[in-house]
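Peer 1: I have a structure here, written as structure tokens, and I will follow up with some questions on it.
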Amino acid sequence: PPTVTLSIEPRSVLEGDRVTFTCQAHANPPIMGYRWAKGGVVLQGARESMFTTKADHSFFTEPVSCLVFNAVGKTNVSILVDVHFGPILLVEPQPKTVDVDSDVTLNCKWAGNPPLTLTWFKKGSNMVKAQSSHTLNVPFALFSSTLPFLCCANRIILRS
């Protein structure tokens, strides 16, 4: 089967930037073809040793793979892209009804690269809690009114 090395240029990109994948292969007997996929789904029309596309946030979690084949076998190699993106809201906070004297757990989930810091605010007060977890446990004593809690995601991207 072919010997394959998969590389990417540039190695780190902002969402929407172009990225080029290069599949270097050596084989005896000669290489018969290339097939590219992303997240396990074949990319129609991508049949050369190089593949260029715009990167979106899915490239961070769905690997791009290059399958190279010849008469005696095939080799498949994969790579993830370091795509800087976000924040993207994955789980929107939902209203909660809570029994008197009960605590409540609030959920709010964001995605982003680099990792995000979540900040919870209680509207109308100066109560703030920054954390990496997507849940907030609120003791009954802290929500004595119907004012909502807000969830915000923060990140910093530095471009050189």
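Peer 1: Quick check on packing: order 29-41, 103-115 by the mean number of other C-beta atoms within 10 Å, highest mean leading.
Peer 2: Working: 29-41: 14.1, 103-115: 16.0.
Most protected by this proxy first, the peptides run 103-115, 29-41.
Peer 1: Further, regarding this structure: Given C-alpha coordinates of the chain, what is the ratio Rg to Rh with the Kirkwood estimate of Rh? Write out the running numbers ahead of the final one.
Peer 2: Working: Rg = 23.2 Å, Rh = 19.0 Å.
Ratio of gyration radius to Kirkwood radius: 1.22.
Peer 1: Another one. How much of the accessible area of the chain, in percent, comes from carbon and sulfur atoms when a 1.4 Å probe is used? Don't skip to the answer; put the middle values down first.
Peer 2: On the way: 5380 of 9990 Å².
In the chain, the share of accessible area belonging to carbon and sulfur is 54 percent.
Peer 1: OK, next. Under a Cβ-Cβ cut-off of 13 Å, what is the net charge of the residues other than I8 that fall near it, where Lys and Arg count +1 and Asp and Glu count -1?
Peer 2: Working: positive: R11, R18, K38; negative: E9, D17, D82.
Neighbourhood net charge equals 0.
Peer 1: Would you list, by chain and number, the lysines whose Cα falls below 30 Å from the Cα of K123, excluding same-chain residues fewer than 8 positions away?
Peer 2: Qualifying lysines at Cα under 30 Å: K96, K109.
Peer 1: How large is ³J(HN,Hα), in whole Hz, for each residue of region 85-101 in order, when computed from phi with the Karplus curve 6.51 cos²θ - 1.76 cosθ + 1.60 and θ = phi - 60°, using x for Gly and Pro?
Peer 2: 8, x, x, 10, 6, 9, 10, 7, x, 10, x, 10, 9, 10, 5, 4, 6
Peer 1: Compute from the Cα atoms of region 1-83 the Rg and the Dmax, the latter being the longest Cα-Cα distance, and quote both in angstrom.
Peer 2: Here Rg and the maximum Cα pair distance are 12.6, 39 Å.
Peer 1: Continuing with this model, one more query. Could you sort the peptides 72-83, 9-20 by per-residue average Cβ neighbour count (10 Å cutoff), highest mean leading? List each step's numbers first, then the result.
Peer 2: Values: 72-83: 16.0, 9-20: 13.8.
Result, highest mean first: 72-83, 9-20.
Peer 1: Oh, and also: So for region 1-43, what are the equivalent ellipsoid semi-axes in whole Å, largest first, each being the square root of 5 times an eigenvalue of the Cα gyration tensor?
Peer 2: Values: eigenvalues 122, 35, 10 Å².
In descending order the semi-axes read 25, 13, 7 Å.
The values are calculated or read from the model by the stated rules, or taken from the named source; none is laboratory data. As the structure is a computational prediction, the values presented were derived from the model and not from experiment. Positions of Cβ are backbone-derived with ideal geometry, glycine not excepted, and every protein chain shown enters the neighbour counts. To get the accessible areas, we keep the full protein, side chains included, count just its heavy atoms, and leave off ligands, DNA and RNA. Shrake-Rupley method; radii C 1.70, N 1.55, O 1.52, S 1.80 Å.
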